[in-house]
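S.K.: Supplied in structure tokens, the structure appears directly below.
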Amino acid sequence: MDNSLLKQILREYDEKRNRHIQEAELRKKDLLTVNPRLAEIEKEIAQNSIKISKSIILAPSKEKHKLVSDLKKKNASLIKEKNAFIKQLSKENNYLNPHFDCKLCKDTGYIQKDNVTTMCSCLKQRIFDIAYNKSNIGNLERENFSNFNLKIFSDKKNKDLYKSDLSPRENMKIIQEKVQDFINNFEDPEEKNLIFTGNTGVGKTFLTNCIANEILKMGKTVLYQTAPVMFDRINESKFSKDNSQFDLYENILNVDLLIIDDLGTEKITDTKITELFTIINTRLLNQNHKITKTIISTNLNVDELFKTYTTRIGSRLAGYYRFLRFFGEDLRFKKNKKIE
């Protein structure tokens, strides 16, 4: 990602932040016409806040505690009076405050704590979406659990065809429960990562997007890459002289949720196998100080995965990933029936 893209995104942040502030001012102006007392309250709260700051710095030590305490009590009483009036109008207490999209950074894109400024997860995600995810997870509004319908999966059993005593619907119900556990326990280092195996069109991508939706709601970052593109981009970034890129490799290793789709469709080389091991192993080690989870989706079955990606990778997958096998009819022919 080049610097011009970051500047463009930050301009978007400035615009929406200013818009939210202006909207709050308009709400306040409308209420002031109804009750001028609100303007007096706002003024008194601001004056008291200044007095508190001055008292902390200038007041004698013996008087400081009482002065600050009295001023804080006055402000608390004023805020209570303001909120009571707003409540009478069936408004929320924060009605007069700007309604920022991100409550963490207040739409600045950055968080400051202990004099250290860090990029907010919302800004990271915005960069991921534009620079890397693109259309891969562009259907999140449509592909989510509210649109998930088990009835789209066949309830007919066929042991010879599916190699299972379960029907596709029964199997998907179990998968859905395991996926919900994954989401609910996302921050638990003992919760295993996921591998979705199965043919094309059996719901793997849809369910992956459902998970991404929920993890994003938790304020986490999600990076989605198809295996062929991911390996190509890693190779490009390693040999590129352009240092302005947004550290794709670093983010692959450290993003909260990494989704690797279509594993096995890339051209297999020793270098790519080594890269895959590094990614899987490093992200597992990260769990000692930061919870990172990975979802791998592939058309390969378990045996094919072990044969293709060596024992080293196979042992990591077997020990730290939960294998969920999808089977059934090709749902792409049923897309008008709402798997959504």
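S.K.: Using only Cα atoms, what is the ratio of the radius of gyration of segment 112-224 to 2.2 N^0.38 Å?
M.R.: 1.30
S.K.: Could I ask something else about it? Per residue, how large is the accessible surface of segment 1-72? Use a 1.4 angstrom probe and give square angstrom.
M.R.: Accessible area per residue, segment 1-72: 71 Å².
S.K.: Let me have the 222 nm mean residue ellipticity of the chain computed from DSSP H runs of 4+ only, each contributing -39500 (n - 2.57), with the sum over all residues rounded to the nearest 500.
M.R.: That comes out to -17500 deg cm²/dmol.
S.K.: For segment 62-74, take each phi angle, set θ = phi - 60°, evaluate the Karplus expression 6.51 cos²θ - 1.76 cosθ + 1.60, and give the result in whole Hz per residue in order, putting x for glycine and proline.
M.R.: Per-residue couplings from phi come out as 5, 9, 4, 4, 5, 4, 5, 4, 5, 5, 5, 5, 4 Hz.
S.K.: Going Cα to Cα from K16, which aspartates and glutamates come in below 20 Å? Please leave out same-chain ones fewer than 8 positions away.
M.R.: Those aspartates and glutamates meeting the cut-off are E25, D101, D107, D129.
S.K.: Once phi is turned into ³J(HN,Hα) by the Karplus curve 6.51 cos²θ - 1.76 cosθ + 1.60 with θ = phi - 60°, what whole-Hz value does each residue of segment 316-324 show in order, with x for glycine and proline?
M.R.: Along segment 316-324, the couplings run 5, 5, 5, x, 10, 10, 9, 8, 10 Hz.
S.K.: For segment 4-58, what is the per residue volume of the convex hull drawn over the alpha-carbon atoms, in cubic angstrom?
M.R.: Enclosed volume per residue, from the Cα hull, is 77 Å³.
S.K.: Go from 0 up to the bin containing the longest alpha carbon distance in segment 63-122, width 5 Å each, and give me the % of pairs per bin.
M.R.: Spelled out bin by bin, segment 63-122 gives 4, 15, 13, 11, 13, 17, 18, 8, 1 percent.
S.K.: Mind pulling the angle between the C-alpha long axis of helix 37-58 and the longest principal axis of the chain? Nearest 10 degrees, somewhere in 0 to 90.
M.R.: 90
S.K.: Here is a follow-up. Given a 1.4 angstrom probe, what's the average accessible area per residue across segment 124-203, in square angstrom? Let's see the in-between values first.
M.R.: Numbers: 4330 Å² over 80 residues.
Result: 54 Å² of accessible area for each residue.
S.K.: Something else about it: In vacuum, with every alpha carbon of segment 56-159 counted as one equal point scatterer, what does the Debye formula give for log10 I(q)/I(0) at q = 0.11, 0.14, 0.16, 0.24 Å⁻¹? Two decimals, please.
M.R.: So the normalised log intensities work out to -0.77, -0.95, -1.03, -1.15.
S.K.: Rounded if a/c is under 1.5, else prolate if a/b is larger than b/c, else oblate: which is the chain, with a ≥ b ≥ c the root eigenvalues of its Cα gyration tensor? Intermediate values should be presented prior to the final figure.
M.R.: Working: a/c = 2.58, a/b = 1.92, b/c = 1.34.
Prolate is the answer for the chain, as a/c is 1.5 or above and a/b outweighs b/c.
S.K.: Okay, next question. Give the lysines whose C-alpha is closer than 23 Å to that of K151, dropping any in the same chain fewer than 8 places away, or say none.
M.R.: K159, K163, K173, K178, K204, K334, K335, K337, K338
S.K.: For segment 264-325, give the percent of accessible area contributed by carbon and sulfur heavy atoms, probe 1.4 Å, rounded to a whole number.
M.R.: 53
S.K.: Sticking with this one: State the percentage of accessible surface on segment 1-156 attributable to carbon and sulfur atoms; use a 1.4 Å probe and exclude ligands, DNA and RNA. Let's see the in-between values first.
M.R.: Values: 5390 of 10520 Å².
Accessible surface attributable to carbon and sulfur in segment 1-156 totals 51 percent.
S.K.: Continuing with the same structure: First check a/c for segment 194-300, with a ≥ b ≥ c the square roots of the eigenvalues of its C-alpha gyration tensor; if it is under 1.5, answer rounded, and if not, answer prolate when a/b is larger than b/c or oblate otherwise.
M.R.: It is oblate, given that a/c is not under 1.5 and a/b is not larger than b/c.
S.K.: A follow-up question, please. In straight Cα distance, which lysines are under 16 Å from K91, not counting same-chain residues fewer than 8 positions off?
M.R.: Within the straight-line limit of under 16 Å, K91 reaches these lysines: K28, K29, K80, K82.
The values are calculated or read from the model by the stated rules, or taken from the named source; none is laboratory data. Keep in mind that this is a model prediction, so the values were computed, not measured. Just so you know, the surface numbers come from the protein's heavy atoms only, side chains and all, with ligands and any DNA or RNA stripped out. Shrake-Rupley method; radii C 1.70, N 1.55, O 1.52, S 1.80 Å.
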